[in-house]
1. Taking the Cα centre as origin and putting +1 on Lys and Arg beta-carbons and -1 on Asp and Glu beta-carbons, what dipole magnitude results for the chain, to the nearest 20 debye?
2. So how far, in whole Å, is the C-alpha centre of the range 50-123 from the one of the range 206-268?
3. Answer with a single label: of (i) 6; (ii) 10; (iii) 20, which was calculated as percent of Cα pairs over 35 Å apart from the structure in view?
4. So which trypsin sites (Lys or Arg not before Pro) in the range 161-268 end up in coil per DSSP with only 12 or fewer other C-beta atoms within 10 Å?
5. Divide the volume of the convex hull of the Cα atoms of the range 34-187 by its number of residues and quote the answer in cubic angstrom per residue.
6. Per residue, how much accessible area does the range 1-90 show when a 1.4 Å probe rolls over the protein heavy atoms, in square angstrom?
7. What part of the accessible area of the chain, given as a whole %, is carbon or sulfur when the probe is 1.4 angstrom?
8. Could you tell me how many degrees, from 0 to 90 and to the nearest 10, lie between the Cα long axis of helix 217-237 and the main elongation axis, the longest principal axis, of the Cα atoms of the chain?
Amino acid sequence: MAIEWIVAYLLLGAVVGFMAGLLGIGGGGIMVPILTTIFAAQGIPQEHLIHLALGTSMASIVITAFSSLRAHNRHQAVLWPVVWKITPAILIGTLSATWLAALLPTKALGIFFSCFMAYVALQMILNIKPKPSRQLPSTVGISIAGLSIGGISALVAIGGGSLTVSFLTWCNVRIQHAIGTSAAVGMPIALAGSIGYMINGWNSANTPDYSVGYVYFPAVILISGLSYFTAPIGARLAHKMPVAMLKKVFACLLIVLSLKMLQTIFFG
(Lines give C-alpha, C1' and ligand atoms only; values in the text may rest on other atoms or scores of the structure.)
Protein backbone atom coordinates (compact mmCIF):
# COMPACT_ATOMS: atom_id res chain seq x y z
CA MET A 1 0.00 0.00 0.00
CA ALA A 2 1.28 3.45 -0.93
CA ILE A 3 2.26 5.71 1.96
CA GLU A 4 -0.46 8.25 1.14
CA TRP A 5 -3.18 5.66 1.70
CA ILE A 6 -1.62 4.55 4.98
CA VAL A 7 -1.62 8.17 6.14
CA ALA A 8 -5.23 8.63 4.96
CA TYR A 9 -6.46 5.61 6.93
CA LEU A 10 -4.55 6.66 10.04
CA LEU A 11 -5.99 10.19 9.87
CA LEU A 12 -9.48 8.76 9.41
CA GLY A 13 -9.01 6.55 12.46
CA ALA A 14 -7.81 9.51 14.51
CA VAL A 15 -10.83 11.62 13.57
CA VAL A 16 -13.35 8.79 14.05
CA GLY A 17 -12.01 7.89 17.48
CA PHE A 18 -11.85 11.50 18.62
CA MET A 19 -15.42 12.27 17.50
CA ALA A 20 -16.73 9.07 19.04
CA GLY A 21 -15.19 9.99 22.37
CA LEU A 22 -16.21 13.64 22.19
CA LEU A 23 -19.81 13.32 20.96
CA GLY A 24 -20.57 9.63 21.38
CA ILE A 25 -21.22 9.42 17.63
CA GLY A 26 -19.21 8.97 14.48
CA GLY A 27 -18.70 5.51 13.04
CA GLY A 28 -20.28 5.04 9.66
CA GLY A 29 -21.37 8.66 9.36
CA ILE A 30 -17.75 9.67 8.89
CA MET A 31 -16.13 6.46 7.70
CA VAL A 32 -18.44 5.36 4.89
CA PRO A 33 -18.27 8.59 2.81
CA ILE A 34 -14.52 9.01 3.31
CA LEU A 35 -13.77 5.34 2.66
CA THR A 36 -15.87 5.55 -0.51
CA THR A 37 -13.70 8.43 -1.71
CA ILE A 38 -10.43 6.71 -0.77
CA PHE A 39 -11.45 3.41 -2.37
CA ALA A 40 -12.44 5.24 -5.57
CA ALA A 41 -9.06 6.99 -5.64
CA GLN A 42 -7.35 3.60 -5.18
CA GLY A 43 -9.08 2.36 -8.32
CA ILE A 44 -11.56 -0.05 -6.74
CA PRO A 45 -14.47 -0.76 -9.13
CA GLN A 46 -17.54 1.41 -8.52
CA GLU A 47 -19.78 -1.64 -8.11
CA HIS A 48 -18.04 -2.45 -4.81
CA LEU A 49 -17.38 1.03 -3.39
CA ILE A 50 -20.27 1.32 -0.91
CA HIS A 51 -20.28 -2.38 -0.03
CA LEU A 52 -16.58 -2.28 0.89
CA ALA A 53 -17.02 1.01 2.75
CA LEU A 54 -19.91 -0.42 4.80
CA GLY A 55 -18.17 -3.71 5.60
CA THR A 56 -14.85 -2.09 6.44
CA SER A 57 -16.56 0.52 8.59
CA MET A 58 -18.47 -2.14 10.54
CA ALA A 59 -15.29 -4.12 11.19
CA SER A 60 -13.45 -0.96 12.25
CA ILE A 61 -15.88 -0.22 15.09
CA VAL A 62 -15.61 -3.66 16.73
CA ILE A 63 -12.74 -2.65 19.02
CA THR A 64 -14.37 0.69 19.87
CA ALA A 65 -17.65 -1.08 20.63
CA PHE A 66 -15.91 -3.55 22.95
CA SER A 67 -14.07 -0.76 24.76
CA SER A 68 -17.31 1.21 25.18
CA LEU A 69 -19.14 -1.86 26.51
CA ARG A 70 -16.45 -2.47 29.15
CA ALA A 71 -16.44 1.15 30.27
CA HIS A 72 -20.21 1.34 30.73
CA ASN A 73 -20.36 -2.07 32.38
CA ARG A 74 -17.79 -0.91 34.97
CA HIS A 75 -20.22 1.87 35.89
CA GLN A 76 -23.08 -0.67 36.13
CA ALA A 77 -24.99 1.20 33.44
CA VAL A 78 -25.87 -1.84 31.31
CA LEU A 79 -29.32 -3.40 31.64
CA TRP A 80 -28.23 -6.93 30.83
CA PRO A 81 -31.77 -8.46 30.84
CA VAL A 82 -32.66 -6.06 28.02
CA VAL A 83 -29.43 -6.90 26.19
CA TRP A 84 -30.15 -10.64 26.32
CA LYS A 85 -33.70 -10.10 25.06
CA ILE A 86 -32.83 -7.82 22.16
CA THR A 87 -29.57 -9.42 20.98
CA PRO A 88 -31.04 -12.43 19.07
CA ALA A 89 -33.22 -10.09 17.00
CA ILE A 90 -30.29 -7.68 16.60
CA LEU A 91 -28.18 -10.50 15.15
CA ILE A 92 -30.93 -11.62 12.76
CA GLY A 93 -31.64 -8.06 11.63
CA THR A 94 -27.97 -7.22 11.12
CA LEU A 95 -27.09 -10.41 9.22
CA SER A 96 -30.22 -10.13 7.06
CA ALA A 97 -29.37 -6.54 6.17
CA THR A 98 -25.84 -7.46 5.08
CA TRP A 99 -27.37 -10.06 2.76
CA LEU A 100 -29.75 -7.42 1.39
CA ALA A 101 -26.90 -4.93 0.99
CA ALA A 102 -24.94 -7.44 -1.10
CA LEU A 103 -27.90 -7.65 -3.50
CA LEU A 104 -28.43 -3.90 -3.80
CA PRO A 105 -26.49 -1.79 -6.31
CA THR A 106 -24.01 0.81 -5.08
CA LYS A 107 -26.20 3.77 -6.01
CA ALA A 108 -29.23 2.46 -4.11
CA LEU A 109 -27.11 1.91 -0.99
CA GLY A 110 -25.61 5.38 -1.34
CA ILE A 111 -29.04 7.02 -1.54
CA PHE A 112 -30.33 5.14 1.51
CA PHE A 113 -27.21 6.01 3.47
CA SER A 114 -27.46 9.71 2.59
CA CYS A 115 -31.16 9.90 3.46
CA PHE A 116 -30.54 8.29 6.85
CA MET A 117 -27.62 10.60 7.62
CA ALA A 118 -29.77 13.60 6.67
CA TYR A 119 -32.33 12.37 9.22
CA VAL A 120 -29.63 11.97 11.90
CA ALA A 121 -28.21 15.40 11.11
CA LEU A 122 -31.65 17.04 11.36
CA GLN A 123 -32.19 15.42 14.75
CA MET A 124 -28.90 16.84 16.01
CA ILE A 125 -29.46 20.32 14.59
CA LEU A 126 -32.97 20.59 16.05
CA ASN A 127 -32.03 18.62 19.20
CA ILE A 128 -35.00 16.31 18.69
CA LYS A 129 -35.34 13.67 21.39
CA PRO A 130 -38.17 11.19 21.93
CA LYS A 131 -40.32 11.94 24.95
CA PRO A 132 -40.67 9.05 27.43
CA SER A 133 -44.21 7.86 26.85
CA ARG A 134 -44.36 4.14 27.68
CA GLN A 135 -42.65 1.23 29.37
CA LEU A 136 -40.42 -1.41 27.84
CA PRO A 137 -42.53 -3.78 25.72
CA SER A 138 -42.67 -7.55 25.95
CA THR A 139 -40.01 -9.80 24.46
CA VAL A 140 -41.89 -9.71 21.14
CA GLY A 141 -41.91 -5.90 21.10
CA ILE A 142 -38.23 -5.72 22.03
CA SER A 143 -37.42 -8.24 19.30
CA ILE A 144 -39.22 -6.16 16.66
CA ALA A 145 -37.20 -3.14 17.77
CA GLY A 146 -34.03 -5.24 17.63
CA LEU A 147 -34.72 -6.36 14.06
CA SER A 148 -35.16 -2.75 12.98
CA ILE A 149 -32.12 -1.47 14.87
CA GLY A 150 -29.88 -4.26 13.59
CA GLY A 151 -31.10 -3.93 10.01
CA ILE A 152 -30.70 -0.17 9.73
CA SER A 153 -27.36 -0.23 11.56
CA ALA A 154 -25.93 -2.74 9.08
CA LEU A 155 -27.12 -0.73 6.07
CA VAL A 156 -25.43 2.46 7.28
CA ALA A 157 -22.52 0.87 9.21
CA ILE A 158 -23.21 2.25 12.68
CA GLY A 159 -23.16 0.65 16.11
CA GLY A 160 -26.84 1.47 16.54
CA GLY A 161 -26.29 3.94 19.37
CA SER A 162 -28.60 6.68 18.13
CA LEU A 163 -31.38 4.16 17.41
CA THR A 164 -31.06 2.12 20.61
CA VAL A 165 -30.80 5.14 22.91
CA SER A 166 -33.86 6.71 21.26
CA PHE A 167 -35.87 3.50 21.66
CA LEU A 168 -34.91 2.97 25.30
CA THR A 169 -35.46 6.63 26.20
CA TRP A 170 -38.91 6.48 24.61
CA CYS A 171 -39.56 3.48 26.91
CA ASN A 172 -38.76 5.50 30.07
CA VAL A 173 -35.29 4.00 30.60
CA ARG A 174 -32.95 6.43 32.40
CA ILE A 175 -30.55 8.06 29.97
CA GLN A 176 -27.47 6.64 31.74
CA HIS A 177 -28.85 3.11 31.41
CA ALA A 178 -30.03 3.77 27.86
CA ILE A 179 -26.52 4.80 26.80
CA GLY A 180 -24.85 1.94 28.66
CA THR A 181 -27.25 -0.66 27.26
CA SER A 182 -26.82 0.81 23.79
CA ALA A 183 -23.05 0.39 24.15
CA ALA A 184 -23.53 -3.30 25.00
CA VAL A 185 -25.87 -3.79 22.03
CA GLY A 186 -23.31 -2.14 19.73
CA MET A 187 -20.93 -5.07 20.15
CA PRO A 188 -23.17 -7.77 18.56
CA ILE A 189 -24.15 -5.29 15.83
CA ALA A 190 -20.50 -4.63 14.93
CA LEU A 191 -19.56 -8.32 15.05
CA ALA A 192 -22.58 -9.58 13.12
CA GLY A 193 -22.24 -6.79 10.58
CA SER A 194 -18.56 -7.56 10.02
CA ILE A 195 -19.18 -11.30 9.63
CA GLY A 196 -22.19 -10.69 7.40
CA TYR A 197 -20.27 -8.42 5.02
CA MET A 198 -17.41 -10.90 4.88
CA ILE A 199 -19.70 -13.84 4.09
CA ASN A 200 -21.98 -12.05 1.63
CA GLY A 201 -19.05 -10.56 -0.27
CA TRP A 202 -17.01 -13.76 -0.26
CA ASN A 203 -17.43 -14.56 -3.96
CA SER A 204 -17.31 -10.98 -5.24
CA ALA A 205 -14.78 -10.41 -7.98
CA ASN A 206 -12.37 -7.47 -8.21
CA THR A 207 -12.19 -6.77 -4.48
CA PRO A 208 -8.78 -5.48 -3.33
CA ASP A 209 -6.00 -7.73 -2.05
CA TYR A 210 -6.11 -8.51 1.68
CA SER A 211 -9.88 -8.13 1.82
CA VAL A 212 -12.25 -10.83 3.03
CA GLY A 213 -15.56 -10.36 1.29
CA TYR A 214 -16.47 -6.71 1.73
CA VAL A 215 -14.03 -6.06 4.58
CA TYR A 216 -10.68 -4.52 3.62
CA PHE A 217 -8.43 -5.48 6.51
CA PRO A 218 -5.47 -3.10 5.98
CA ALA A 219 -7.91 -0.20 6.45
CA VAL A 220 -9.55 -1.90 9.45
CA ILE A 221 -6.21 -2.35 11.22
CA LEU A 222 -5.01 1.21 10.59
CA ILE A 223 -8.34 2.88 11.46
CA SER A 224 -8.93 0.77 14.58
CA GLY A 225 -5.35 1.12 15.76
CA LEU A 226 -5.48 4.90 15.94
CA SER A 227 -9.13 5.36 16.94
CA TYR A 228 -8.45 3.23 20.02
CA PHE A 229 -6.04 5.90 21.28
CA THR A 230 -7.90 9.04 20.19
CA ALA A 231 -11.30 8.07 21.62
CA PRO A 232 -10.17 8.67 25.25
CA ILE A 233 -8.83 12.08 24.26
CA GLY A 234 -12.22 13.05 22.86
CA ALA A 235 -13.95 11.72 25.96
CA ARG A 236 -11.77 13.86 28.25
CA LEU A 237 -12.44 16.98 26.17
CA ALA A 238 -16.20 16.34 26.18
CA HIS A 239 -16.45 18.12 29.54
CA LYS A 240 -14.45 21.14 28.41
CA MET A 241 -15.81 21.90 24.93
CA PRO A 242 -19.22 23.25 23.75
CA VAL A 243 -20.62 19.84 22.80
CA ALA A 244 -24.07 21.18 21.82
CA MET A 245 -22.53 23.51 19.25
CA LEU A 246 -20.11 20.84 18.06
CA LYS A 247 -23.00 18.47 17.40
CA LYS A 248 -24.58 21.01 15.07
CA VAL A 249 -21.25 21.44 13.24
CA PHE A 250 -20.88 17.66 13.08
CA ALA A 251 -24.41 17.38 11.65
CA CYS A 252 -23.48 19.77 8.85
CA LEU A 253 -20.32 17.72 8.25
CA LEU A 254 -22.41 14.54 7.91
CA ILE A 255 -24.51 16.19 5.20
CA VAL A 256 -21.45 17.46 3.32
CA LEU A 257 -19.74 14.05 3.47
CA SER A 258 -22.89 12.26 2.31
CA LEU A 259 -23.26 14.64 -0.65
CA LYS A 260 -19.59 14.10 -1.53
CA MET A 261 -20.16 10.34 -1.44
CA LEU A 262 -23.15 10.64 -3.78
CA GLN A 263 -21.05 12.76 -6.12
CA THR A 264 -18.36 10.03 -6.12
CA ILE A 265 -20.70 7.13 -6.91
CA PHE A 266 -22.85 8.98 -9.46
CA PHE A 267 -20.29 11.11 -11.26
CA GLY A 268 -16.94 9.53 -10.39
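The values are calculated or read from the model by the stated rules, or taken from the named source; none is laboratory data. Just so we're clear, the structure is a prediction, and the values are computed from it rather than from any experiment. All Cβ positions, even for glycine, are placed from backbone atoms using ideal geometry, and neighbour counts span all protein chains on display. Protein only, heavy atoms only, side chains kept; ligands, DNA and RNA dropped before computing areas. Shrake-Rupley method; radii C 1.70, N 1.55, O 1.52, S 1.80 Å.
1. Details: 13 positive and 3 negative charges, 212 e Å.
The dipole of the chain has a size of about 1020 debye.
2. Taking the Cα centre of each part, the range 50-123 and the range 206-268 sit 14 Å apart.
3. (ii)
4. Values: sites: Arg174, Arg236, Lys240, Lys247, Lys248, Lys260; in loops: Arg174, Lys240.
Counting only loop positions with at most 12 other Cβ atoms within 10 Å, the trypsin sites (Lys or Arg not before Pro) in the range 161-268 are Lys240.
5. Working: hull volume 16.8 nm³, N = 154.
Convex hull of Cα atoms, per residue: 109 Å³.
6. Values: 3590 Å² over 90 residues.
Accessible surface, normalised per residue, equals 40 Å².
7. Numbers: 8780 of 12470 Å².
Of all accessible area on the chain, carbon and sulfur atoms account for 70 percent.
8. 40 degrees
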